[in-house]
1. Take region 43-94, drop everything but the C-alpha atoms, weight them equally and run the Debye formula without solvent; then report log10 I(q)/I(0) at 0.18, 0.20, 0.27, 0.30 Å⁻¹ to two decimals.
2. Assuming R0 = 22 Å, can you tell me the calculated FRET efficiency for the pair Tyr54 and Glu23, based on Cβ-Cβ distance, to the nearest 0.05?
3. Any idea how far apart Leu89 and Ile34 come out in nm if each label point goes 7 Å out from Cα toward Cβ?
4. Taking the simple approach of a point 7 Å from Cα along Cα-to-Cβ for both Glu71 and Ala4, what is their distance in nm?
5. Could you please state how large a percent of the accessible area of the chain is carbon and sulfur, counting protein chains only and using a 1.4 Å probe?
6. Relative contact order of region 1-85, please, whole-number percent, based on alpha carbon pairs below 8 angstrom and at least 6 residues apart.
7. For the pair Ser80 and Ala45, how long in nm is the line joining their label points, each one 7 Å along Cα→Cβ?
8. Can you work out D for the chain in µm² s⁻¹ from Stokes-Einstein, where Rh is the Kirkwood radius over C-alpha pairs, the temperature is 25 °C and the viscosity is 0.890 mPa s?
Amino acid sequence: MQPAEHFARLKRLLDLERAAEREENARELERMPISAREALGKTAARLVLDGVEYGAGGYPLLVLSRSISGEELTPFHGMSTGDSVRASLPPGGETASVDGVLERIDEARAWVAV
């Protein structure tokens, strides 16, 4: 097998594994109520879209935030940079959700590459 063929095959296998992990994570999270997912830090609800920025290569970054006054934990306490995320959008829009990758996090704000 030529090196180019080897790496092309390896990339296909990694892409398959990545897709399977996303599906498994989505199924696991859908089994839990939102309140449980929030307590685990796997879901951040009641977010506001603060704007859109652009990252390297021109890809859009959704800037999401939530006020944290009086809360013990930040909305994103169980999330890490690089996590796959799904942003559910308000009803009546073109799409119900957008999948992306958590690019950056601070206490009350997250940047999601879409």
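1. Values returned for q = 0.18, 0.20, 0.27, 0.30 Å⁻¹ are -0.76, -0.91, -1.29, -1.34.
2. Details: r = 29 Å, r/R0 = 1.32.
Computed FRET efficiency for Tyr54 and Glu23: 0.15.
3. Label-label distance for Leu89 and Ile34, simple model: 1.8 nm.
4. Inter-label distance under the simple model: 5.0 nm.
5. Numbers: 4480 of 8250 Å².
Of all accessible area on the chain, carbon and sulfur atoms account for 54 percent.
6. Values: 54 pairs, mean separation 18.8, N = 85.
Worked out over region 1-85, it gives 22 percent.
7. Distance between label points: 2.6 nm.
8. Details: Rh = 15.9 Å.
Estimated diffusion coefficient is 154 µm²/s.
The values are calculated or read from the model by the stated rules, or taken from the named source; none is laboratory data. Bear in mind that the values here come from a model prediction, so they are computed numbers and not experimental data. Because the Cβ atoms are built from the backbone with ideal geometry, glycine has one as well, and the counts that use them run over all protein chains shown. Accessible surface is based on the protein model in full, side chains and every heavy atom, while ligands, DNA and RNA are left aside. Shrake-Rupley method; radii C 1.70, N 1.55, O 1.52, S 1.80 Å.
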